[in-house]
Amino acid sequence: MSEQILTQCTSGGAVWVHVKDGVITKIRPIVLDEADPKSWTIEARGRKFTPPRKTTLQPYIVTEKARIYSENRIKYPFKRVDFDPKGNRNPQNRGKSGYERIGWNEALDMVAGEMKRIRETYGPAAITGSTSSHHNWGLLFYKMGPFGRFFNMLGFTTLHDNPDSWEGWHWGAMHTWGYHWKLGITDNFDLLEDALKNTDQVIMWSVDPNTTTGYPGQDSLIWRIWLKELGIKLIFIDPWCNFTAATLGDKWIAPRPGTDAALAEAIAYVWIKEGTYDKQFVENRTVGFDQFKKHILGEEDGTPRTPGWASEITDVPTRDITALAREWAAKRTMLGCGAMFGLGGACRSAYSTEWARLMVLLIAMQGIGKPGVNVWGGAAMAAPTDFSFQFPGYSSAGWDAFGLVAKKPAFPMGNQVTQKLYRLLLPESILNPPVTWTGEGFCGQFLEQQFIQYTYPEPGSPEIKMIYRHGGSYISTMTETNRFVKMYQSPKIECVVNQDCHWQSETHFADIILPASTGFEQSDISEWGAPGGYAANKSGSNFRIIIYQKKCIEPLWESRPDWDIYCDLAERLGFKEEYTEGNSREDWIKKLFHSTSLPRYITYEEFKRKGYFVVPPPQGDYKRTVSNRWFYEGRPCNSPDPFNPLIGTDKADKLGTYSGKIEFVSQSLLKHFPDDEERPPMPRYIPSWEGHNSKLAKKYPLQLISSHVRFSFHTHHDNKSPWLDEIPVHRIIKNGYAWWPMRIHPSDARPRGIRHGDTVKMYNDRGAVLGIAHVTERVRPGVIHSYQAGAKYDPLEPGKPGSVDKGGCVNLLTPSRMVSKHASGMANNSCLVEICRWEA
Amino acid sequence: MARYGMVIDVTKCSGCYNCTLACKDEHCGQEYPGYAAAQPVTGQFWIRLVEKERGRYPKVKVAYTAVPCMQCREATCIKMAENGAVYRRPDGIVIIDPVKAKGQKQLVSSCPYRVIYWNEEKNLPQKCTFCAHLLDQGWKEPRCVELCPAGALTFGDLDDPESEASKLVASGKTEVLHPEYDLRENVAYVGVPKKFIAGTVAYGDTDECAGDVAIILSGPGANAKTTTDNFGDFEFEGLPDNTAFAVQIEAKGYRVRRLRAKTQSDVYLGVIKLAKITESTRIGKPG
């Protein structure tokens, strides 16, 4: 059989898949042909910039073939050997016991039987479940379709996600500039052109776009190279000289972790003292500046926030702080954080609300929205793009992607259970209820969602008896991961189901394991790089490309597509007809196709044949809608922002804050939590509850920062492809084992007798993790850098909470304490550790 | 006939390893008879990425240099091969014949660039083929080039003056990685990491960053001038190895500073504080 070239889409790029004799032979970028629309061109500073006519892929996507055929695939349905749903369940052995292979029918009967039994015995609220972030990609069949529709029809206790990648922006910045419909970050439109034409420098504050641009592949890398070629300066502020800083940076400023807010306050001090801020903008577009000014100048508490004051805290030289403030004021500056792909580790730490709010205030003081001055996520968003072309993303209809075209969507009205759980507090909820918390992690409907007080169990509702996992792993991605080990061994949990493509760290805690197929083993439709929903019309790619995701190979081993698995469960539970509405997979795809702008340009047959469609990029004199320009100019918002509820109202020229302006004193916090000292109405530096000057620092003097991993999307690629193990940045092979690197400065390594390449133990009271010391000048003294989301939790004593882990699961060490009392985000980067040599 | 070559721009490389991974996607477990046996799943890097950390905190940068087979015109592997097991195609690509080369372990050490790998299982030396099996099917470039997101790899016919690769070579910005090997390589580089001398200048009296200060570098064969930026930082990049340089710092109203630096490695001189010329210093040290 000759080779076929099929189109697919992944969590890090749109791909061509070569298939020969039913086997995948190549994963390639899609290369546009002459029939595809003309590329955009930006003219700036005497040059013409136009993108390469192909997609780009994240490195882990180049390993997809190895991941698909990985030995770590879940090949068959399994049951834990000592789990007997009719007898002894042995929950204490979760994480310890092995598995035996069972047939699909037995597995499905067992899962459906447990669902029925638990519903009848305790009620539907005794079941909860949750999904991964991006273990597969596809608009209809990834997670919000199959899982979301199924569980909303079944009824279950919704497990709210925390905004895990942008905590400080969500819980903080939202109270400064609104944007609740974007979960606290701003939109990015037409900023690439604005920057190439008008910007003098970009400040990447806690941002590493070369590592974390995710879905749109590496399309924006070339833009940052253009910036460099034009002599636009790139300044990086990060305790770790990240990958973008190390290869493209002009200046690296390294504050101690958790002290960024102090640095920000000192910058404001210099501007106020020297009068180098946009007074007209501050006067007309903000509220509360006078109080802020008093605070910064020390008129409130006798402590002026001078560069000298901040230097003591941050360990950044006073002169550098002054110079940074002056450079920023003198040059037209883009701030690289505060929009998608500019989220950063600093927003995942104690009191990160303060830093994020101060970031907004600083860019406001320089007149956000004027030419060349804006918030631009990692310099990784907003090429010329036509957003009038309608095509949704997988999250556009919430927790039922089929709801976009179904006769009866299952979300939000399908689920009758009102009880809620919160992902960060799941272990506590199971082990030590009742548990209370403040706020919904995704408050896209209205800002006050983040003030809702929750209690679990909800009065009158049962406790959780069954946990259903659809892809992914909390173990290694959530904080203080040992909590989850303990939780799974609780006798209160009667049944754990894990449905996934690969053996993740968490799979080993399930009672019943269902093997799911990857996206390459099924058809779907999607736009690459576009999740939709809160991320609607956010584009980090050079072209909008809609993909017919073609089934490339038959499901491997005994795996089955998620949708097929849920169909069979729904059948056993008596709601298959309602679940499918009689649609085949192809029917759903076709209906979705016809609900979009595609039919105006291409027939379904032609789309399916070619496999992709490039949305014609805007040319020449199209109408630009530069982000926040409307606000700067004081006119109604004209951004293609579908969820801005103010557009079309008499408040269209306002932001989403209570005052409609940027708030130095947050009016929403003033109203709801006026006395909160941990997130006061006016932001300020607050010493971390686990930072360099905490008491605990005497015992654990090193600060661990664990940013998003470079060579894996969360846990989804690590430990699945041997090729990734050979990338020394990712894992280090020693004595035949692929260890996790822990980066340490020579001045910290030397007194501990640690040499480059030594096996080391990093530990604190929460756990201990082994890895290999990478002695480097790229971390500042006092800091360890080691990525989070290694997918190989490998305890020396399996099943024992607190066991030393060999696999590099650094989230065993991070604190479960949340950002602050009412800011229910995670704070991975507020973590003190010690490190020593490990003699095996 | 073409003469295929590649230009690798180190200054554009972000270290994403897509080139190495693309090569593995193409060659691991997949053989192309007549061109190459299958690459083992692990252990070989037909295009290897060499990471070099340069400088010291807080003046650090990283250079990634991709190293494929250089497709030399004076290839030592061809000379060392028995039985004609390594040959040059008319288009310049050097191929290790996967049948004839069996057992010829000497080929691994024949290459000073260390880009020939030994396949223990197959008893075979192996290396990059520029994806000749694809070029022969009409592909325009090897897999690594297609997958580079930075445009750091340029592939083309070096005998065609209109090719992008030729234009880069003609620009005079390129060099081969090891000219001392004298192998007439068909792979050239832009921005091969050399050595830098950098420093930060501050005023001793105010402790402010000293911006716009003249810095003069002198040494054998390299005299250069620059000025500090507003952080007081300066950098001389692209200096030769193991060479002694003098750095002179001149700011009006401050005493001239002269420092010495040898480029055994990249040099960050740290924060250099300038002493203000006051009445007393003038009296103390006339002239």
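One table, with the values for the structure above:
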{"read-out": "Cross-chain or 6+ apart pairs with Cβ under 8 Å, segment A:636-659 first and among the acidic types (Asp, Glu), then modelled with pLDDT of 95 or more and surrounded by fewer than 15 Cβ atoms within 10 Å (Cβ to Cβ)", "value": "A:Asp653/A:Gly634; A:Asp653/A:Arg635"}
{"read-out": "Test result for A:Ala789, within 22 Å of A:Ala66 (Cβ to Cβ) and within 11 Å of chain B (Cβ to nearest Cβ)", "value": "no"}
{"read-out": "Residue ID - surrounded by the fewest Cβ atoms within 10 Å (Cβ to Cβ), chosen from residues in segment B:203-225 that are within 14 Å of chain A (Cβ to nearest Cβ) and not in a loop (DSSP other than H, G, I, E, B)", "value": "B:Tyr203"}
{"read-out": "Matching residues, segment A:364-404, being assigned to a loop (DSSP other than H, G, I, E, B), among the aliphatic types (A, V, I, L, M) and over 23 Å from the mean Cα position of the chain (by Cα)", "value": "A:Ile368, A:Val373"}
{"read-out": "Subset of segment A:463-478 (residues that are among the polar types (S, T, N, Q) and either assigned to a strand (DSSP E or B) or touching a helix residue (DSSP H, G or I) at 6+ places or on another chain (Cβ under 6 Å) (or both))", "value": "A:Ser473, A:Ser476"}
{"read-out": "Selection from segment A:16-28 of residues that are out of contact with any Lys or Arg (no Cβ under 6 Å at 6 or more places or on another chain) and either in a strand (DSSP E or B) or within 10 Å of another protein chain (Cβ to nearest Cβ) (or both)", "value": "A:Val17, A:Val19, A:Lys20, A:Val23, A:Thr25, A:Lys26, A:Arg28"}
{"read-out": "Identity of the residue in segment A:198-209, over 15 Å from the mean Cα position of the chain (by Cα) and of a type outside the set (D, E, K, R), that ends up surrounded by the fewest Cβ atoms within 10 Å (Cβ to Cβ)", "value": "A:Asn198"}
{"read-out": "Any chance A:Phe243 is among the hydrophobic types (A, V, I, L, M, F, W, C) and within 30 Å of A:Gln8 (Cα to Cα)", "value": "yes"}
{"read-out": "Flag if A:Leu191 is farther than 27 Å from A:Pro317 by Cα and facing chain B (nearest Cβ under 9 Å)", "value": "no"}
{"read-out": "Test: residue in segment B:251-261 that is within 13 Å of chain A (Cβ to nearest Cβ), under 29 Å from A:Thr322 (Cα atoms) and either touching a Ser or Thr at 6+ places or on another chain (Cβ under 8 Å) or in contact (Cβ under 8 Å) with a residue 40 or more places away in the chain (or both)", "value": "no"}
{"read-out": "Boolean, A:Gly298 is out of contact with any Lys or Arg (no Cβ under 6 Å at 6 or more places or on another chain), surrounded by fewer than 22 Cβ atoms within 10 Å (Cβ to Cβ) and more than 14 Å from chain B (Cβ to nearest Cβ)", "value": "yes"}
{"read-out": "Of the criteria (1) facing chain B (nearest Cβ under 8 Å); (2) buried (at least 24 other Cβ atoms within 10 Å of the Cβ); (3) of a type in the set (D, E, K, R), which one A:Lys251 fails", "value": "(2)"}
{"read-out": "Residue that is loosely packed, with under 13 Cβ neighbours inside 10 Å and not in a strand (DSSP E or B), where the choices are A:Ser39, A:Ser2", "value": "A:Ser2"}
{"read-out": "Residue match in segment A:684-700 (condition: of a type outside the set (S, T, N, Q), out of contact with any Lys or Arg (no Cβ under 7 Å at 6 or more places or on another chain) and within 30 Å of A:Gly532 (Cα to Cα))", "value": "no"}
{"read-out": "Any pair with Cβ under 9 angstrom, 6 or more apart, that starts in segment B:47-64 at a residue that is within 8 Å of chain A (Cβ to nearest Cβ) and ends at one that is modelled with pLDDT under 95", "value": "B:Glu51/A:Pro728; B:Glu51/A:Val729"}
{"read-out": "Residue pairs meeting the criteria (Cβ under 8 Å; at least 6 apart or on separate chains; first over 21 Å from A:Ile68 (Cβ atoms) and away from chain B (no Cβ under 14 Å), in segment A:693-721; second among the charged types (D, E, K, R) and not in a loop (DSSP other than H, G, I, E, B))", "value": "A:Lys699/A:Glu834; A:Tyr700/A:Glu834; A:Pro701/A:Glu834; A:Leu702/A:Asp748; A:Leu702/A:Glu834"}
{"read-out": "Residue in segment A:326-343 that is farther than 20 Å from A:Tyr632 by Cβ and surrounded by fewer than 24 Cβ atoms within 10 Å (Cβ to Cβ) present", "value": "yes"}
{"read-out": "Every residue from segment A:732-774 that is buried (at least 23 other Cβ atoms within 10 Å of the Cβ) and part of a loop (DSSP other than H, G, I, E, B)", "value": "A:Trp740"}
{"read-out": "Single residue of A:Val417, A:Val435 found to be buried (at least 18 other Cβ atoms within 10 Å of the Cβ), in contact with a strand residue (DSSP E or B) (Cβ under 6 Å, 6 or more places away or on another chain), more than 25 Å from A:Pro146 (Cα to Cα) and of a type outside the set (Gly, Ala, Ser)", "value": "A:Val435"}
{"read-out": "Strands (runs of 3 or more DSSP E) within segment B:1-118 that include 2 or more residues of a type in the set (Lys, Arg) and buried (at least 18 other Cβ atoms within 10 Å of the Cβ)", "value": "B:48-56, B:59-67"}
{"read-out": "All positions within segment A:103-138 that are surrounded by fewer than 17 Cβ atoms within 10 Å (Cβ to Cβ) and part of a loop (DSSP other than H, G, I, E, B)", "value": "A:Gly103"}
{"read-out": "Top-ranked residue in segment A:62-102 [being surrounded by 16 or more Cβ atoms within 10 Å (Cβ to Cβ) and among the β-branched types (Val, Ile, Thr); ranked as farthest from A:Met487 (Cα to Cα)]", "value": "A:Val62"}
{"read-out": "A:Gly691 under 25 Å from the mean Cα position of the chain (by Cα) and either at pLDDT below 95 or surrounded by 17 or more Cβ atoms within 10 Å (Cβ to Cβ) (or both)", "value": "yes"}
{"read-out": "Test: residue in segment A:56-73 that is more than 14 Å from every other protein chain (Cβ to nearest Cβ) and either without any contact (Cβ under 8 Å) to a residue 60 or more places away in the chain or part of a helix (DSSP H, G or I) (or both)", "value": "no"}
{"read-out": "Of all residues making up segment A:225-246, the number that are within 11 Å of chain B (Cβ to nearest Cβ), more than 20 Å from the chain's Cα centre (by Cα), surrounded by fewer than 24 Cβ atoms within 10 Å (Cβ to Cβ) and more than 25 Å from A:Leu361 (Cβ to Cβ)", "value": "4"}
{"read-out": "Which numbered condition A:Val729 misses (of (1) away from chain B (no Cβ under 14 Å); (2) modelled with pLDDT under 95; (3) surrounded by fewer than 24 Cβ atoms within 10 Å (Cβ to Cβ))", "value": "(1)"}
{"read-out": "Single unsatisfied condition, A:Phe83 versus (1) within 11 Å of chain B (Cβ to nearest Cβ); (2) out of contact with any Leu (no Cβ under 9 Å at 6 or more places or on another chain)", "value": "(1)"}
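Residues are listed down the side, and each one gets a yes or a no for (1) under 30 Å from A:Val497 (Cα atoms); (2) within 15 Å of the chain's Cα centre (by Cα); (3) assigned to a helix (DSSP H, G or I):
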{"position": "A:Met144", "(1), (2), (3)": "yes, no, no"}
{"position": "A:Met153", "(1), (2), (3)": "yes, no, yes"}
{"position": "A:Leu159", "(1), (2), (3)": "yes, no, no"}
{"position": "A:Asn162", "(1), (2), (3)": "yes, yes, no"}
{"position": "A:His170", "(1), (2), (3)": "no, yes, yes"}
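The values are calculated or read from the model by the stated rules, or taken from the named source; none is laboratory data. If you're wondering where the values come from, they're calculated on a predicted model, not measured in any experiment. Neighbour counts run over all protein chains shown; Cβ positions are idealised from the backbone, glycine included.
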